[in-house]
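S.K.: Got a structure for you, written out below as structure tokens; questions coming shortly.
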Protein chains: 2
Amino acid sequence: MTLPVAIDAMGGDKAPGEIIAGARLAADEGLPVVLVGPDDGSLGDTGGIAVLPASEVIEMDDEPGRAVRTKKDSSLVRAAEAVRDGHAAAMVSAGNTGATMASALLRMGRISGVARPAIATPLPVPGSTPTVMLDAGANAECKPEWLLQFAQMGAAYFTARYGGKEPKVALLSIGEEPTKGNDLVKATHELLAAPGTGLNFVGNVEGRDLLTGDVDVVVTDGFTGNVALKSLEGALRVFMRILGQVIGSTPETKAAGDVLLPVLMPYANSVDPEATGGAMLLGVDGVCIISHGSSSARAILNAVRAAHEMVEGGLVEHLREAVAVAG
Amino acid sequence: MTLPVAIDAMGGDKAPGEIIAGARLAADEGLPVVLVGPDDGSLGDTGGIAVLPASEVIEMDDEPGRAVRTKKDSSLVRAAEAVRDGHAAAMVSAGNTGATMASALLRMGRISGVARPAIATPLPVPGSTPTVMLDAGANAECKPEWLLQFAQMGAAYFTARYGGKEPKVALLSIGEEPTKGNDLVKATHELLAAPGTGLNFVGNVEGRDLLTGDVDVVVTDGFTGNVALKSLEGALRVFMRILGQVIGSTPETKAAGDVLLPVLMPYANSVDPEATGGAMLLGVDGVCIISHGSSSARAILNAVRAAHEMVEGGLVEHLREAVAVAG
């Protein structure tokens, strides 16, 4: 029997309503799920989905380490324990990112040999397979050896998720030459370019290459990765706002918008973060998906799909093998 | 008599044609300019603009330090010398960025008290004053004390360029809390938040805040700044490409595009890097503008305008005063 995916019912800006709605969509598709949250009926109608009881909630602004230590009966901690104890196949949360990482790390533990888990985020490439960027924010301060492991884990994840052998792995820098970049990047470049890593390393890329689809995996420290990711999100938001303003300005532009928007829709869908299934925490001993705080039901559904896919695809085993390759 | 702005005729992807065309546009507006390049007639018709002779060219892929040392008669080095020797008020180049920095630094020298010059780039804010981000790429590896100076120089530059007292200065990080970020950011936050810096420090911002116009100056190290800038550029490029594809797909969408594009144009202009006048190298003892490699005549014209404006506004003096404030 397939184990369910444990969904943190209390995590996210739209919790628990949209989270439960997403869980129900997944159940309707035949994907086994279990909700983690209060079992006092306050979750409302779960459509028959079982609830793993958890009486506490880690809030978005709670300090992650402290919250995980003190709120032992929180939905986030209980979700991670469900995976550890073999009651769930994977966990999904749209809650406090730091606390999700801490819960997963402290309860599931690390894959043997992994120095630090990293957040792998799919960057949308219009009309093509996403580019996986990691670390997108788990480790603000990194060592070159960790980035080598991020590259190995990112490549294994890319193959498990999107298929294709020997994905192209690149290092995020400020110039293509190996001598460009900060100290961390220069030292990491040497490690990635050395033989025996099991990687198809294609060199450095720059910020403007993130959305072109030219490479499959982009490796960076969690500070730079988070800044890059949020810069892209911010740019997208500005574009959409401007386009909305332009279209809404007169009856003529509204009519023109009615013609263009349906054609634009497939592109918009392919860059919609709700469609990607969320970010994956790679390196913990279990499948853990970190969904965007603003996740709607559809985002949760897609996260559950991705979680089941990665469990069936043996993601954790693939990661274990990838980091076991000498670097 | 107003000194001319020295324009590197040989720098940029479209040099010398577009550079000379830009110089001529500036001269037509009554802005004094001088071209720096070969005086053997190979520049063609300069429209009567004087040419400061320079027989060598630093190429885009030349190693900056080495190029400045060995190509002593290059247009870039001669342009910087013209400022140093009082023959020009400022320099503008769309050539090799690293070599432009090295030429300016080695020939003009630093403003007394400045640890490192930084590249200040205007980030377009649709319908509003740009946000100045620095360092956009001069220093891949930074110390907290340098970032404090970048903040002081950035604020002085913002006021000189766009007016307004006490511009809002923010630190680029991965969360608003002072405890978020990498080691450099946490240490810098303390320096910026301390009294006596002369700054209106408003705290941390994230990548998604870069284009909102909520703050006037964003401080970051040159690695992160360059990645953020190029991520934004990349997103803009993808967006424009998609919009072009959508509009061009059928006669109906083409007609709709004909209605929307004129309304979109003012927004597009406000995010057009050619309109901003280029990036400013702050901290050298003279006004030095680093234009985009792809600069057309219009970009050069706007750079010359900005250069004259900053010379008349006493930018270097303002920077000197800003960094003289104890931090």
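The values are calculated or read from the model by the stated rules, or taken from the named source; none is laboratory data. These figures come from a predicted structure and were not determined experimentally. Reconstructed Cβ throughout: ideal geometry from the backbone, glycine too, with neighbour counts over all protein chains shown. Note: areas computed on protein heavy atoms with side chains; ligands, DNA, RNA excluded. Shrake-Rupley method; radii C 1.70, N 1.55, O 1.52, S 1.80 Å.
S.K.: State yes or no: is B:ARG208 more than 23 Å from A:ALA138 (Cβ to Cβ), among the basic types (Lys, Arg) and within 13 Å of chain A (Cβ to nearest Cβ)?
M.R.: No, not satisfied.
S.K.: So which helices (runs of 4 or more DSSP H) stay within segment A:234-327 end to end and still have 2 or more residues that are within 14 Å of chain B (Cβ to nearest Cβ) and touching a residue at least 24 places away in the same chain (Cβ under 8 Å)?
M.R.: A:251-270
S.K.: Out of all the residues in segment B:298-307, which are within 13 Å of B:PRO32 (Cα to Cα) and open to solvent by 10 Å² or more (accessible area, probe 1.4 Å)?
M.R.: Matches in segment B:298-307: B:LEU301, B:ARG305.
S.K.: How many residues are of a type in the set (A, V, I, L, M, F, W, C), open to solvent by 20 Å² or more (accessible area, probe 1.4 Å) and at the interface with another protein chain (Cβ under 10 Å from one of its Cβ atoms) when one looks only at segment B:173-205?
M.R.: The qualifying residues number 2.
S.K.: Oh, and also: Could you check, for segment B:257-277, whether at least one of its residues is surrounded by 16 or more Cβ atoms within 10 Å (Cβ to Cβ), on the phi > 0 side of the Ramachandran plot and in contact with a Ser or Thr (Cβ under 6 Å, 6 or more places away or on another chain)?
M.R.: Within segment B:257-277, not a single residue is surrounded by 16 or more Cβ atoms within 10 Å (Cβ to Cβ), on the phi > 0 side of the Ramachandran plot and in contact with a Ser or Thr (Cβ under 6 Å, 6 or more places away or on another chain).
S.K.: What is the one condition in (1) of a type outside the set (A, V, I, L, M, F, W, C); (2) at the interface with another protein chain (Cβ under 7 Å from one of its Cβ atoms); (3) surrounded by fewer than 21 Cβ atoms within 10 Å (Cβ to Cβ) that B:ASP214 does not satisfy?
M.R.: Among (1) of a type outside the set (A, V, I, L, M, F, W, C); (2) at the interface with another protein chain (Cβ under 7 Å from one of its Cβ atoms); (3) surrounded by fewer than 21 Cβ atoms within 10 Å (Cβ to Cβ), B:ASP214 violates only (2).
S.K.: Need the failing condition index for B:TRP146 against (1) assigned to a loop (DSSP other than H, G, I, E, B); (2) in contact with a Lys or Arg (Cβ under 8 Å, 6 or more places away or on another chain), just the number.
M.R.: (1)
S.K.: Further, regarding this structure: For segment B:153-167, give me each residue that is crowded, with 17+ Cβ neighbours inside 10 Å and either small (Gly, Ala, Ser) or out of contact with any Asp or Glu (no Cβ under 9 Å at 6 or more places or on another chain) (or both).
M.R.: Those that are crowded, with 17+ Cβ neighbours inside 10 Å and either small (Gly, Ala, Ser) or out of contact with any Asp or Glu (no Cβ under 9 Å at 6 or more places or on another chain) (or both): B:MET153, B:GLY154, B:ALA155, B:ALA156, B:TYR157, B:ALA160.
S.K.: Let me confirm something: among B:ILE49, B:ILE58, B:ILE19, which residue is in contact with a Leu (Cβ under 6 Å, 6 or more places away or on another chain) and under 28 Å from B:ASP135 (Cα atoms)?
M.R.: B:ILE58 is the lone residue from the list that is in contact with a Leu (Cβ under 6 Å, 6 or more places away or on another chain) and under 28 Å from B:ASP135 (Cα atoms).
S.K.: Shifting gears a bit: Please specify each residue of segment A:45-63 satisfying the condition of being among the hydroxyl-bearing types (Ser, Thr, Tyr) and farther than 24 Å from A:GLU29 by Cα.
M.R.: Passing the criteria: only A:SER55.
S.K.: Exactly one of these conditions fails for B:THR46: (1) in a loop (DSSP other than H, G, I, E, B); (2) open to solvent by 50 Å² or more (accessible area, probe 1.4 Å). Give me its number.
M.R.: (2)
S.K.: Pairs please, first residue from segment A:1-20 and among the hydroxyl-bearing types (Ser, Thr, Tyr), second anywhere and assigned to a loop (DSSP other than H, G, I, E, B) and open to solvent by 10 Å² or more (accessible area, probe 1.4 Å), Cβ atoms under 9 Å, 6+ apart in sequence or on different chains.
M.R.: Listed by first residue and then by second, the contacts come to A:THR2/A:LEU31; A:THR2/A:PRO32; A:THR2/A:ALA89.
S.K.: Just one of A:SER93, A:SER112, A:SER42 is within 24 Å of the chain's Cα centre (by Cα) and either more than 25 Å from A:LEU25 (Cβ to Cβ) or modelled with pLDDT under 95 (or both); which is it?
M.R.: A:SER112
S.K.: I'd like the full set of residues that are touching a strand residue (DSSP E or B) at 6+ places or on another chain (Cβ under 6 Å) and either on the phi > 0 side of the Ramachandran plot or among the aromatic types (Phe, Trp, Tyr) (or both), limited to segment B:1-36.
M.R.: Listed by number, the list is empty, since nothing qualifies.
S.K.: Can you confirm whether segment B:62-77 contains a residue that is more than 20 Å from the chain's Cα centre (by Cα), under 30 Å from B:GLU312 (Cβ atoms) and open to solvent by 70 Å² or more (accessible area, probe 1.4 Å)?
M.R.: no
S.K.: Ok, one more. In segment A:123-143, which residue that is away from chain B (no Cβ under 14 Å) and at pLDDT 95 or above is farthest from B:ARG237 (Cα to Cα)?
M.R.: That would be A:LEU134.
One line per residue, one yes/no per condition, for (1) buried (at least 24 other Cβ atoms within 10 Å of the Cβ); (2) modelled with pLDDT under 95; (3) within 17 Å of A:MET310 (Cα to Cα):
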residue: A:PRO4; (1), (2), (3): yes, no, yes
residue: A:LYS14; (1), (2), (3): no, no, no
residue: A:ALA26; (1), (2), (3): yes, no, yes
residue: A:PRO38; (1), (2), (3): no, no, no
residue: A:LEU52; (1), (2), (3): no, no, no
residue: A:GLU81; (1), (2), (3): no, no, no
residue: A:ARG84; (1), (2), (3): no, no, yes
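S.K.: While we're on this one: Evaluate the following for B:ALA170: is it under 20 Å from B:ALA118 (Cα atoms), away from every other protein chain (no Cβ under 14 Å) and open to solvent by less than 40 Å² (accessible area, probe 1.4 Å)?
M.R.: In short, no.
S.K.: Let me ask something else about it. Please work out if B:VAL219 is more than 8 Å from chain A (Cβ to nearest Cβ), in contact with a Gly (Cβ under 8 Å, 6 or more places away or on another chain) and buried (at least 24 other Cβ atoms within 10 Å of the Cβ).
M.R.: yes
S.K.: Also, quick follow-up: Here is a check on your reading of the model: is B:ALA228 at the interface with chain A (Cβ under 9 Å from one of its Cβ atoms), under 19 Å from B:PRO130 (Cβ atoms) and in a helix (DSSP H, G or I)?
M.R.: yes
S.K.: Answer with yes or no whether B:GLY164 is within 11 Å of chain A (Cβ to nearest Cβ), part of a loop (DSSP other than H, G, I, E, B) and at positive phi.
M.R.: No; evaluated as a whole, the condition is false for this residue.
S.K.: Among the residues of segment B:54-69, is there at least one that is assigned to a strand (DSSP E or B) and either under 19 Å from B:SER295 (Cα atoms) or among the polar types (S, T, N, Q) (or both)?
M.R.: For segment B:54-69, residues assigned to a strand (DSSP E or B) and either under 19 Å from B:SER295 (Cα atoms) or among the polar types (S, T, N, Q) (or both): absent.
S.K.: Let me ask another. Give me the residue from segment B:208-224 that is in contact with a strand residue (DSSP E or B) (Cβ under 8 Å, 6 or more places away or on another chain) and part of a helix (DSSP H, G or I) and, out of that set, farthest from A:LEU229 (Cα to Cα).
M.R.: The residue in question is B:GLY222.
S.K.: Being assigned to a loop (DSSP other than H, G, I, E, B) and farther than 24 Å from A:VAL323 by Cα is the filter here, so list the residues in segment A:87-121 that pass it.
M.R.: A:HIS87, A:ALA88, A:ALA94, A:GLY95, A:ASN96, listed by residue number.
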